[in-house]
Amino acid sequence: MIPRELFGEEHEIFRHTVRRFVEQEVSPHHAAWEDSGVVPRSAWLKAGEAGLLCCAIPAEYGGMGGDFLHSTVVIEELARAGATGPAFSLHSDIVAPYIFHYGTEAQKRKWLPPMATGEALAAIAMTEPSGGSDLQGIRTVARRDGDDFVISGQKVFITNAQGADVIVVACKTDLAARAKGISLFLVEKDRPGLGLGRLLKKVGCKAMDTSELFFDQVRVPMANLLGEENRGFYQLMSELAQERLIQAVRATATAEAALQWTIDYVSQREAFGRTIGDFQNTQFTLAEVHAEIALCRAYVDRCVALHLNQGLDAVDAAVAKMTCTEMQGRILDRCLQLFGGWGYMWELPIARAFADARMARIAGGSIEVMKHIIGRNIMGKA
Ligand SMILES: Cc1cc2nc3c(=O)[nH]c(=O)nc-3n(C[C@H](O)[C@H](O)[C@H](O)COP(=O)(O)OP(=O)(O)OC[C@H]3O[C@@H](n4cnc5c(N)ncnc54)[C@H](O)[C@@H]3O)c2cc1C
């Protein structure tokens with residue numbers, strides 16, 4: 001096995017803390033959270049107390065002052081436990097970086113410290129009912145009115161929306177422009193006119209809340225503009241590389257966990273007087289699964305190393321997301337098969353992982369959008 005060389009001792013100590021937290025504070029409650037469709041605030045507060053939130057945000061803004069490897073540890077340990085409920089990563093590694101990279105000093109001081117403790121929950125709203133792949137075509141409008149902006153429109157599939165205290169909202173500020181007409185806004189949950197829609201029922205990731213949001217003439221001051229006016233699309237594009245890397249990291253860790261669950265299961269389950277693991281078909285299947293994961297593991301670790309030095313570009317991130325999430329889909333299907341009927345039962349982690357994983361090939365840019373990014377770039381058409 002090729003050893004992983006990414007992590008230092010401090011990351012391994014942190015991994016130990018995160019693993020214990022997940023065993024004690026996440027796994028015992030996850031089934032109940034799947035039933036209710038949300039992770040309660042108390043779990044977020046405990047995660048904040050244990051240092052699991054906003055670990056890559058500098059200490060002066062309340063974070064742990066760690067790096068993307070600390071984030072990677074949190075993502076991997078949740079994946080290893082099959083815990084898709086707490087969207088810690090969306091909050092810490094997707095929304096917090098927008099505020100950290102593009103926020104004013106006042107915005108950073110207002111939101112990052114409570115996000116690190118779990119007192120403030122964050123979400124990001126890009127996707128609309130009319131479509132999510134074509135971000136340049138969004139229809140939610142922020143119209144200038146004196147010193148304010150007035151937001152009207154609708155968003156859908158918004159993770160963490162149920163408990164969110166602040167939402168980064170992508171809006172059109174110049175209706176005539178596409179990419180150059182989008183701006184990002186910080187919208188607080190108690191703004192008049194902001195309505196929370198249905199808690200949507202999903203195929204998987206059932207504990208992670210996903211909802212509609214309605215904006216009916218929501219007035220926000222100029223101070224809520226995040227970054228420059230009409231630069232929102234470029235801000236989204238530069239942050240999406242990390243979002244896609246996160247999906248690749250999660251997919252690879254989930255695949256590794258699934259392989260281990262399968263090895264454990266086929267080693268004890270018997271048929272025709274021997275264990276399922278004694279059949280050559282099982283060993284060949286698991287050998288192929290192992291090899292597929294090992295290649296993704298090498299690639300994704302290399303991407304993480306590049307990302308630590310700001311060297312990961314949009315194409316590599318798209319390759320990582322596409323390859324690792326497709327691999328995850330294939331191997332979960334093959335592993336589930338070796339569990340027989342039990343593999344189809346929700347009570348087994350393999351069944352839940354199979355359903356949970358389907359989202360990764362759609363959310364944060366579908367596989368086809370990844371191919372579009374990669375193809376356009378390698379052909380010099382970007
Ligand atoms: C569980 C979950 C959580 C989510 N959380 C969030 C969130 O927190 N915030 C947020 O803003 N969004 C979120 N999303 C939305 C997600 O990012 C979008 O679903 C995704 O970008 C696809 O947009 P869409 O669903 O509108 O599909 P569409 O844009 O309608 O596309 C449908 C399909 O058309 C095909 N297609 C699209 N474009 C192309 C192309 N250029 N070439 C070829 N084929 C193409 C693809 O197969 C694609 O899947 C979430 C989605 C899910 C499922």
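Nothing in this text is a laboratory measurement; each read-out follows from the coordinates by a stated rule. Everything numeric in this text was worked out from a predicted model, so none of it was measured. Because the Cβ atoms are built from the backbone with ideal geometry, glycine has one as well, and the counts that use them run over all protein chains shown.
Please give the direction-averaged projected area of the C-alpha convex hull for segment 111-227, in square nanometres with one decimal.
The orientation-averaged projected area of the Cα hull of segment 111-227 comes to 7.6 nm².
Could you tell me how many degrees, from 0 to 90 and to the nearest 10, lie between the Cα long axis of helix 232-268 and the main elongation axis, the longest principal axis, of the Cα atoms of the chain?
Here the helix axis deviates by roughly 20 degrees.
If I stretch the segment between Thr104 and Asp148 completely, what's the gain in nm (0.36 nm per residue apart, minus their alpha carbon distance), one decimal?
So the chain would gain 14.2 nm between Thr104 and Asp148.
Using alpha-carbon positions, what is the distance between the centroids of segment 280-336 and segment 175-248, in Å?
29 Å
I'm a student and want to see the number: the projected area of the Cα convex hull of segment 9-120, averaged over all directions, in nm².
Computed as one quarter of the Cα hull surface, the answer is 6.4 nm².
Considering only lysines 8 or more places apart in sequence, or on different chains, count the pairs in the chain whose C-alpha atoms sit under 23 Å apart.
Final tally of qualifying lysine pairs is 22.
In deg cm²/dmol and to the nearest 500, what is the mean residue ellipticity at 222 nm of the chain if only DSSP H runs of at least 4 residues count, each as -39500 (n - 2.57), divided by the residue total?
-15000 deg cm²/dmol
Tell me which trypsin sites (Lys or Arg not before Pro) from segment 334-382 have a DSSP coil assignment and no more than 15 other beta carbons within 10 Å of their own.
Those that pass, being in a loop and sparsely packed, are Lys381.
Using the number of other C-beta atoms within 10 angstrom as an exposure proxy, rank Ser152, Ser92 with the fewest first.
Fewest to most other Cβ atoms nearby, the residues stand as Ser152, Ser92.
Quick one: Cα convex hull volume of segment 198-354, Å³ per residue?
Hull volume normalised by residue count: 134 Å³.
Using a simple charge model, +1 on the beta-carbon of Lys and Arg, -1 on the beta-carbon of Asp and Glu, nothing else, what dipole does the chain show about its Cα centre, in debye to the nearest 20?
Roughly 900 debye for the chain.
Mind jotting down the three principal axis lengths of the chain based on Cα atoms? Whole angstrom, largest first.
In descending order, the Cα extents are 79, 49, 40 Å.
Any chance you could give the angle, 0 to 90 degrees and rounded to 10, that helix 280-308 forms with the longest Cα principal axis of the chain?
Taking the Cα atoms of the chain, the angle to 280-308 is about 30 degrees.
State which stretch of the chain is the longest one without any exposed GluC sites (Glu not before Pro), exposure meaning a DSSP loop state and at most 12 other Cβ atoms within 10 Å.
6-227
Considering only the other residues whose Cβ falls under 12 Å of the Cβ of Thr140, what net charge follows from Lys and Arg at +1 and Asp and Glu at -1?
Net local charge, Thr140 excluded: +2.
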